[in-house]
1. Look through segment 294-304, keep the residues that are in contact with a helix residue (DSSP H, G or I) (Cβ under 6 Å, 6 or more places away or on another chain) and touching a residue at least 40 places away in the same chain (Cβ under 8 Å), and return whichever of them is surrounded by the fewest Cβ atoms within 10 Å (Cβ to Cβ).
2. Would you mind stating whether TYR145 is hydroxyl-bearing (Ser, Thr, Tyr) and surrounded by 17 or more Cβ atoms within 10 Å (Cβ to Cβ)?
3. Report, by residue number, each residue of segment 143-168 that is acidic (Asp, Glu) and within 17 Å of ARG183 (Cβ to Cβ).
4. Residues in segment 186-193: is at least one in a loop (DSSP other than H, G, I, E, B), under 28 Å from ASP310 (Cα atoms) and touching a residue at least 12 places away in the same chain (Cβ under 8 Å)?
5. Could you grab the pairs with beta carbons closer than 6 Å, sequence gap of 6+ or different chains, first residue in segment 144-172 and farther than 18 Å from ASN193 by Cβ and touching a residue at least 24 places away in the same chain (Cβ under 8 Å), second one away from the ligand (no atom under 13 Å from the Cβ) and part of a loop (DSSP other than H, G, I, E, B)?
6. Taking the options SER237, SER250, name whichever one is surrounded by fewer than 24 Cβ atoms within 10 Å (Cβ to Cβ) and within 11 Å of the ligand (Cβ to nearest atom).
7. Sort out which residues of segment 17-41 are of a type in the set (D, E, K, R) and surrounded by 16 or more Cβ atoms within 10 Å (Cβ to Cβ), and write them in order of number.
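Values quoted throughout were computed directly from the atomic coordinates according to the rules given, and no laboratory measurement underlies them. If you're wondering where the values come from, they're calculated on a predicted model, not measured in any experiment. All Cβ positions, glycine included, derive from the backbone under ideal geometry; neighbour counts span all protein chains shown.
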Amino acid sequence: MNLEKILYNKDFTRDELVFLLSLEGEGMKMLLDRALEVKLREIGNKVHLRGLIEYSNVCRKSCLYCGVRSKNKNFSRYTMDDDEVIECAKLAMDMNYGSLAIQSGERSDGEFTDKITYLLKEIKRVSDGKLGITLSCGEQSDKVYRQWFEAGAHRYLLRIESTNKDLYYKIHPKDSIHSFETRINALKSLIENGYQAGTGVMIGLPFQSLKDLADDLLFIKNLDVAMVGMGPFIPHSDTPLYEFRDKIPSPRVRLDMTLKMIACLRLIMPKINMVAATADQTISPDGREDAIMAGANIIMPNLTPAKYRDKYMIYPNKANVNDKPDQTQDSLDSKLKTINHQVVYGKWGDSKAFIEKQD
Ligand code: SAH
C-alpha cells in the first residue's frame, strides 16, 4: 500500500486500517503528523478540560480487567458525600474549568440513580448553569439516561471496551449483567436521548489483534459518536486478566498502538472530541502530551479529594494520584505550551462534530 496516498483518505477499509496500525518508525511518524495536521485544520490547537470526579468505587459488576470489580475485596469502598461533590464543582469553577466529568462504578439501584440526579441539579444550581457535565456511570435504563439528561448531564462516555464479541466475553464474565448487547443498546439509548455520546476501547488487551482494533475504529465511525476515549490496557494484579500480563505487548508498544488508534480516528472523524487518557500518562510520563500530538483534544485533570484517590484504582500506579489541582493547572498550561497547544478556560468545549450535526 502507498502510505503517502492513503494518508489523504477520509475513509479506510479494514485492511487499510490494519496497515496503518502496523506502521512503525518513520511510517508511524507520518501517520501521527498527518493526524495532527487534520486536527489543527478542523478544530485547532485548543485543549478542553473536564475536571474529573471519581464519585464512587462501589460497583455491581466484575469486569475481568478492572481493579474496582465487585469481587476485589482488597480495598475499602467509598461514595463521596454530597458536600464533597459540590466542593469539587466549586473548585472547578474557581479554576475556571468549563466542564466536569463524574465517573463511578456502576450501580443501577434507585438510591444511586436518584442521588446522581440530585447532584446534577445541585451542580447546575451552584454553578449557575455554567459547568458542562459529562457522566461516565455505566449502563443504565433508557429512563435513567433521560432523567439524568433532564437534570443537566449533556455528555456521556460509555466505552464498548472491545467490539469483537468473542473478545468482549474474554474480558467480561459471561452473565446477564455483563451483556454485550445491553452495552450496545445503552450506547444507542444515549444517542437517542440527545447526549453527546462517547465510546472507546482498551488497547493492548490479551487476545486482541490489529483486525479487532481496525474493526473497533469502523464501529466507532459507524455509530457516529460525538466523542471518544481510548487508552492502553494496564494489568491490575487483583484481577483475573493479570494472568495474561506476559502475553500482551510492552507498555511502549501499547502506548504507540494507542497513538496510532487516535491518529487513525482523527483522520476518519476529524471533528469529534477525543480524550488524552490518564492511562497514557501512567505508562509513559509524556503519554498524555503524545496523545494530544496524535490528535486528541481533551484532558481530564483529577479533582477527586486526596483521601479517595488510591481507592479508585481501576488500574495500578495511576498517574497524578498525588497531584494538587492548582499545581496541575500550572504544569498543564506550560506543558501544553511547549507543544504549541492552548488550554481553553471557561467554556464547555462541546464536540464540533455534534454541534454541526444539530444545525
Ligand atoms: N463504570 C463506568 C466507568 C468505568 S472506568 C463504565 O462502565 O463505563 C472507565 C474506563 O476505565 C473503563 O471503561 C475501561 O475502559 C477503563 N479501564 C478499566 N480497567 C482498566 C485497566 N486495567 N486498564 C486500562 N483501562 C481500564
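1. Pass one, segment 294-304, residues in contact with a helix residue (DSSP H, G or I) (Cβ under 6 Å, 6 or more places away or on another chain): 294-296, 301, 303.
Narrowing further to those that are touching a residue at least 40 places away in the same chain (Cβ under 8 Å): 294-295, 301, 303.
Details: ALA294: 27, GLY295: 30, PRO301: 20, LEU303: 23.
Here the residue is PRO301.
2. Details: hydroxyl-bearing (Ser, Thr, Tyr): yes; surrounded by 17 or more Cβ atoms within 10 Å (Cβ to Cβ): yes.
Here the answer is yes, as TYR145 does meet what is asked.
3. Step one: filter segment 143-168 for residues acidic (Asp, Glu), giving 150, 161, 166.
GLU161, ASP166 - these are the residues of segment 143-168 that are acidic (Asp, Glu) and within 17 Å of ARG183 (Cβ to Cβ).
4. No - not one qualifying residue is present in segment 186-193.
5. What qualifies is LEU167/PHE207; LYS170/PHE207.
6. Numbers: SER250 fails: within 11 Å of the ligand (Cβ to nearest atom).
Residue meeting the stated conditions: SER237.
7. Across segment 17-41, the qualifying residues are ARG34, LYS39.
This table checks each residue for (1) farther than 20 Å from ASN302 by Cα; (2) more than 15 Å from the chain's Cα centre (by Cα).
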residue: ASN96; (1), (2): no, yes
residue: LEU100; (1), (2): no, no
residue: GLY110; (1), (2): yes, yes
residue: LYS115; (1), (2): yes, yes
residue: GLY138; (1), (2): no, no
residue: LYS143; (1), (2): yes, yes
residue: TRP148; (1), (2): yes, yes
residue: ARG155; (1), (2): no, no
